[in-house]
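The values are calculated or read from the model by the stated rules, or taken from the named source; none is laboratory data. Computed from a predicted structure; not experimentally measured. Counting neighbours? That spans all protein chains shown, and the Cβs are built from the backbone with ideal geometry, glycine included. To get the accessible areas, we keep the full protein, side chains included, count just its heavy atoms, and leave off ligands, DNA and RNA. Shrake-Rupley method; radii C 1.70, N 1.55, O 1.52, S 1.80 Å.
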Amino acid sequence: MRATPNLATLALACLATTAGWVGVAAAADIEAGTYVAGGGAPIRLLVQPAQDGNIAFLLHRSSRGGVCLMSGMAKPVGDTITWTSNSGAALAIRFDGRGASIDTANALPKNCDGAPRIAGAYVYDSPAVEFDRAEIGAVQSALNGAGYQLGRVDGVLGQRSLAAVRDYQQRNSIPSPDGSLTVETVAHLASGGR
């Protein structure tokens, strides 16, 4: 009997499908932290600096249609990150020092299309980057897929999950000064380790 995938597994499928990055670099107006969609839409944008002048991002929308996660890295051109997924979906994220705006092009994955729209204005909410249960669940699924035996995906970054994150970061030369989960780690996992 085949198991029914849970939301974290479906989110990971979207994450893996959309992983990829292109872009080019001066991040003067790009503030690390959490941005939230205007108008109260349930969409978050997490942003952190990454290696080699890249900016890592995680875009997360929850809706009745399911969870949409897109994550990647790109070198900014001025105040803009341009990113194209392996499936051809494209995002342009422009930062203005107070917030960001996102434009989309090409077909987004099915669970990322529809309402509420990803494209639009985002307000800078906090310098903190804190991952929610769906995001951690997608990371756990990706780590399980990479050979780490974490067991059940529960969306909690417990000791076993954090040890796997740290091992993955070390094996892939992903810096994390305090040994915590980073947006760059999520983007690396989403790309299948590229």
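Is the range 56-143 best put as rounded, prolate or oblate by its Cα gyration tensor, with a ≥ b ≥ c the root eigenvalues, rounded for a/c under 1.5, and otherwise prolate when a/b is larger than b/c, oblate when not?
Verdict is rounded for the range 56-143.
How large a share of the accessible area of the range 78-180, in percent, is made up of carbon and sulfur atoms when the probe is 1.4 Å and the other protein chains stay in place? If you can, show how the numbers build up before the last one.
On the way: 2660 of 5490 Å².
C and S fraction of accessible area: 48 percent.
Each residue of the range 143-156 in turn: what ³J(HN,Hα) in whole Hz from Karplus with 6.51, -1.76, 1.60 and θ = phi - 60°, glycine and Pro shown as x?
Calculated HN-Hα couplings, in order: 5, 4, x, 8, x, 7, 9, 8, x, 5, 7, 10, x, 10 Hz.
Using +1 at the Cβ of each Lys and Arg and -1 at the Cβ of each Asp and Glu in the range 37-118, identify which of MET70, ALA90, THR80 lies farthest towards the dipole's positive end.
MET70
Please turn the phi angles of the range 163-179 into ³J(HN,Hα) values with the Karplus equation 6.51 cos²θ - 1.76 cosθ + 1.60 (θ = phi - 60°), one per residue in order, whole Hz, x for glycine and proline.
So the Karplus estimates, Gly and Pro as x, are 5, 5, 4, 5, 5, 4, 4, 5, 5, 10, 6, 9, x, 8, x, 9, x Hz.
Per residue, how many Å² of accessible area does the range 44-153 show with a 1.4 Å probe?
Accessible area per residue, the range 44-153: 45 Å².
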